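A short worksheet on the structure shown next.
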Amino acid sequence: MAGEVPQQELAKQKTMARLYAKFKRTGSVEDDKKAMATATATVVTDGAKQVVDDFFAADPTRSVRRAAEMLGIKRTSLQRIMKELELSPYKIQVTQPLNEDHTQRRSGFAQLMLEKLQAGEIGVKKIWFSDEAYFTLDGHLNKQHYRYWGRERLEITVVRSLHPKNFFVWCAISSHGVFGPIFIDGTLSASNYRKFLYEEFIPFLHGHDLVQDHWFMQDGARPHRTVDVFEVLNEHFSDRIIGLDYPSHFQGGIEWPPHSPDLNPCDYYLWGYLKSKVWQKGPTNLPELKTAITTAVDTIDSEACSRVMVGFQNRLTAVLVKDGGHFEPLYH
């Protein structure tokens, strides 16, 4: 039929189109495997470098995996180009100022805990670590994973609402899993803290035989350190309490050192994990936010928690190596 493209010609056009696409992708029309094997010298051209350089200049927080997908470049090739461009990942790090007293108390705690763990007086799998954190509808800055690519350290500003909609969440974590979340309306007070410990957390532990020979840890927040709270903890855990000021009220117990979120699994693992999961859902109101948090907690299994407890013991050693100071691999 007049005007019809012969099958042979059509096949030729498709072949040429495929070869052209291959040439754009690999810099060669040879077999893909052979071409990609020799493509390093071809693909890493000034033009390719410029494309990658411009990409990260415009979007310096993009992950290598996602950047490779968006640019249509193999991840290994992209990493090679980034290395040649001398692009380095810079992470946001937040530390607290430590004075000599702080470092001595952190070193003393790390040394004592390691001795008790090694002697079998405390089992790392039998410690309940606890903490509370804000969750907001504005999202969060996940310092654990937030990074940007560049040749030098830059100042990055994150815009947040002055009064975001939020609430407190309390959880406890051990090798057995995560207890919670407990949602706290308003601010945490000694009365509501004591109430949910006495009415929810401790009954749960007794119901699952998780009190005997187990320890409970809390940090030095003011609502944690009232006589009423200490009495409840002493009634059920006796001297198996790790907490600031507890030893001064009851015989036994271990002082939790000040400024030590790097030793609390809630801080170095749980909150970052939960917030990353929650904001994949993109909640738009507080009920959705609560549901997303509860769902995220349910995804954490005891195997993951056991690995986190091993991390606690490793961090004690790191504190000693740094003479009580904060250690660099906090966000890795």
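The values are calculated or read from the model by the stated rules, or taken from the named source; none is laboratory data. A quick note: this is a predicted structure, and the numbers were derived from the prediction, not measured. FYI the Cβ positions are ideal-geometry reconstructions off the backbone, even for glycines, and counts take in every protein chain you see. In case anyone asks, the SASA skips ligands and DNA or RNA and just uses the protein heavy atoms, side chains included. Shrake-Rupley method; radii C 1.70, N 1.55, O 1.52, S 1.80 Å.
Brief remarks on what is shown
- Heavy-atom accessible surface of the stretch 174-217: percent carbon and sulfur, 1.4 Å: 48 percent
- With R₀ set to 41 Å, the beta-carbon distance separating K277 from S238 gives a calculated FRET efficiency near 0.70.
- Violating pairs (Cα-Cα greater than 23 angstrom) within the set K195/K290; K126/K281; K195/K277: K126/K281; K195/K277
- The stretch 195-323 - percent relative contact order, Cα under 8 Å, separation 6 or more: 16 percent
- Under 5 Å from the amide H of I242 lie the amide H atoms of F216, M217, Q218, I254, each residue being 5 or more positions distant or on a separate chain, with H modelled from the backbone and absent for Pro and chain starts.
- Sulfur and carbon atoms: percent of accessible area, the stretch 220-260 [1.4 Å]: 44 percent
- Heavy-atom surface of the stretch 206-332, accessible at 1.4 Å and reported per residue (Å²): 46 Å²
- Model label points for D298 and N166, set 7 angstrom from Cα along the Cα-to-Cβ axis, are 2.7 nm apart.
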